[in-house]
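What follows is calculated from the coordinates using simple rules that are stated; it is not laboratory data. Remember, predicted model here, so these are calculated numbers, not experimental data. Every residue, glycine among them, receives a Cβ derived from its backbone with ideal geometry; neighbour counts consider all protein chains shown.
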Amino acid sequence: MLIKNLCIPKINLTTITETATLKETLDILEEAGYRCVPVLDNKGEKFIGNIYKMHIYRHAANGGDLSDPVTSLIKNQTKHIGINSSFFEVFFTIKELPYIAVLNEQGDFYGILTHGKLLGVLQDAWNIDSGSYVLTIATGEVPGSLTKITKIIDKHTTIASLITMDSQVEDYIRRVLVTLPAGITEAEKDTIVANLERKGLRVIEVEHLKLKK
């Protein structure tokens, strides 16, 4: 995963230095219109954490002093990834955050990767723009199911993308999502579905990508 190409670099970001007060930080947040920004050290190199507008307002509402340093309310100090991190590390680190801080090879702050960019990667993997139909196929924990699926579809067309999703709560059912390439007709799709089900592979949903745009 080329994080360097996906993240917003530091030069294009609004950031706060660790010596700023909560009042100075709130003014910057209000002017920029952001609910959260990264806090960096005085040199603008090291990631200290994130500061959220809501936490400053809550602090003030509870009688807190806005002249307190921004470091008194920073969050997510350990929530960051490296510029060469894997997709799974990124995916499981960002979770509830609006963005994840990205550090370069030297451990300095490089930029941020937003939820929107991560969803864009998943959209590209799904091949929404160049696909036609997405078939959701339910299989059990049966050896060779994936091979069987690809062999059947390969007889009719190529596979634009393939994603597997396992469920540990529904009798260990695996869902295989296959995106068929653009140009597949409804009749061809129906033939593929019929051949899959003839081989005991249950197609539980068919989505027409072009109708979703």
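Points to keep in mind about this one:
- In this structure, Arg58 and Lys23 have a Cβ-Cβ separation that, at R0 = 22 Å, corresponds to a calculated FRET efficiency of about 0.90.
- Database remark: amide H of Tyr110 closer than 5 angstrom to the amide H of Val102, Leu103, Asn104 (H placed geometrically; neighbours at sequence offset of 5 or more, or on other chains; Pro and chain starts carry no H).
- Remark: the chain is approximated by an ellipsoid whose semi-axes, taken from the C-alpha gyration tensor as √(5λ), come to 47, 17, 16 Å, largest first.
- As a calculated quantity, the FRET efficiency between Lys43 and Ile11 at R0 = 22 Å, using C-beta atoms, amounts to about 0.90.
- Label point distance in nm, Lys151-Thr78, each placed 7 Å from Cα along Cα→Cβ: 4.8 nm
- Per-residue [θ]222 nm for the chain (sum of -39500 (n - 2.57) over DSSP H runs n ≥ 4, rounded to 500): -9000 deg cm²/dmol
- Cα-Cα over 20 Å, subset of Lys46/Lys79; Lys148/Lys199; Lys46/Lys117; Lys43/Lys95; Lys23/Lys53: Lys46/Lys117; Lys43/Lys95
- For Gly49, distant residues with modelled amide H under 5 Å away: Val39
- Hypothetical label at Ile173: residues of the stretch 183-213 whose amide nitrogen lies under 17 Å (7 Å Cα-Cβ projection): 197, 200-207
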